[in-house]
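J.: I'd like to ask some things about the structure below.
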Amino acid sequence: MAKTLYVINPNSNTAVTAGIDAAMAVLRGNDGPQIECVTLPQGPAGVQTQQDVDRAAVLVREFAESHRDNAAGFVTACFSDPGLHSLREIPGVVAMGISEGAALTAMTLGNSFGVIAILQASIPRHLRAWAAMGISTRVAGEVAIGRTVAELSDAEGTLAAMVAAGKTLRDHHGADVLVMGCAGMAGYRDTLQAEVGVPVVEPCQATVSMALGRLQLGW
């Protein structure tokens, strides 16, 4: 039986999971592992604070432990990568986080990337992550759109805010690549890229494509 690559939305918002699942359509194929996007119903409504991240990390590991027998790998689909290092303690499975995957992908597309964050309070967490990865000099900047995870479902308002943030990052920060700083933004990538005119990295797509490559190569 083919094993499953689990893409774990660690919040309880099923609309976010649906958006991630739709973004996976381009990556699904007959000869690869099944890609299953799951919601953690006990998770916070949105992973927006460090407390949310810490809580989600425990839930992500618990999910992985209960599904490890049929798992090809796990992707933690939140831009704070909750539980990533814990997942990497599980032998025999690929474990990746969308923040790390998005940043690595962005650096192959341009010299410096800008991040569109949901909230101003999210940015210090991201900056710590870039510093830990040793890539701070490749980050042009971050701009928050001032919306919670739940508020991202307002398509018109969210897209307008993201386009404005993207243009600010392009014109005032020098970003030649944009990274969408929340899995809940998944459905806006194509329109955002067309409006701003630079490559836009959707973190779940970027990271799952890397995970599929690793599985194909046996890494």
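J.: How many angstrom separate the Cα center of the stretch 96-144 from the Cα center of the stretch 1-56?
T.: 20
J.: When a/c reaches 1.5 or more, the comparison of a/b and b/c decides; with that in mind, is the stretch 29-117 rounded, prolate or oblate per its Cα gyration tensor? Each step should come with its number before you reach the end.
T.: Numbers: a/c = 1.88, a/b = 1.15, b/c = 1.64.
Because a/c hits 1.5 or more and a/b fails to exceed b/c, the stretch 29-117 counts as oblate.
J.: Order 156-162, 57-63 from most to least packed using the mean count of other Cβ atoms within 10 Å. The partial results should precede the final answer.
T.: Working: 156-162: 16.9, 57-63: 20.1.
Highest to lowest by the protection proxy: 57-63, 156-162.
J.: Rounded to the nearest 10 Å², what accessible area does Met180 show when all protein chains are kept and the probe is 1.4 Å?
T.: The accessible area comes out at roughly 0 Å².
J.: Kindly identify the chain as rounded, prolate or oblate by the Cα gyration tensor criterion: order the square roots of the eigenvalues as a ≥ b ≥ c, call it rounded if a/c is under 1.5, otherwise compare a/b with b/c, prolate if a/b is larger, else oblate. Walk me through the intermediate numbers first.
T.: Numbers: a/c = 1.57, a/b = 1.44, b/c = 1.09.
Here the chain falls in the prolate category.
J.: Follow-up question, since we're still on this one. What is the magnitude of the charge dipole of the stretch 61-219 about its Cα centre, with +1 placed on the Cβ of each Lys and Arg, -1 on the Cβ of each Asp and Glu, and no other charges, expressed in debye to the nearest 20?
T.: Values: 11 positive and 15 negative charges, 75 e Å.
With Lys and Arg at +1 and Asp and Glu at -1, about 360 debye.
J.: Can you tell me the order of 73-84, 90-101 when each peptide is scored by its average per-residue count of other Cβ atoms within 10 angstrom, highest first? Walk me through the numbers on the way to the answer.
T.: Numbers: 73-84: 28.4, 90-101: 20.1.
Highest to lowest by the protection proxy: 73-84, 90-101.
J.: For the stretch 96-215, just say rounded, prolate or oblate: build the C-alpha gyration tensor, square-root its eigenvalues into a ≥ b ≥ c, call rounded for a/c under 1.5, and beyond that prolate if a/b exceeds b/c, oblate if not. Write down the numbers at each step before the final one.
T.: On the way: a/c = 1.36, a/b = 1.22, b/c = 1.12.
Rounded, since a/c falls under 1.5.
J.: Relative contact order for the chain using alpha-carbon pairs under 8 Å, separation at least 6, rounded to a whole percent? Intermediate results must be reported in sequence, preceding the final value.
T.: Values: 434 pairs, mean separation 49.9, N = 219.
Worked out over the chain, it gives 23 percent.
J.: Further, regarding this structure: Once neighbouring chains are kept in place and the probe is 1.4 Å, which whole percent of the accessible area of the stretch 63-112 is contributed by carbon and sulfur? If you can, show how the numbers build up before the last one.
T.: On the way: 910 of 1850 Å².
Reported share for carbon and sulfur atoms: 49 percent.
J.: Could you give the length gained on full extension between Gln42 and Ala2, defined as 0.36 nm per residue of separation minus the Cα-Cα distance, in nm?
T.: Details: separation 40, 0.36 × 40 = 14.40 nm, distance 2.79 nm.
The Gln42-Ala2 span can extend by a further 11.6 nm.
J.: What whole-number value in Å² describes the accessible area per residue of the stretch 25-164 for a 1.4 Å probe?
T.: On the way: 6350 Å² over 140 residues.
Here the per-residue accessible area is 45 Å².
The values are calculated or read from the model by the stated rules, or taken from the named source; none is laboratory data. Just so it is clear, the structure is predicted and the values come from calculations on it, not from any experiment. Virtual Cβ from ideal backbone geometry, glycine too; neighbours counted across all protein chains shown. Surface accessibility is based on the protein's heavy atoms, side chains included, excluding ligands, DNA and RNA. Shrake-Rupley method; radii C 1.70, N 1.55, O 1.52, S 1.80 Å.
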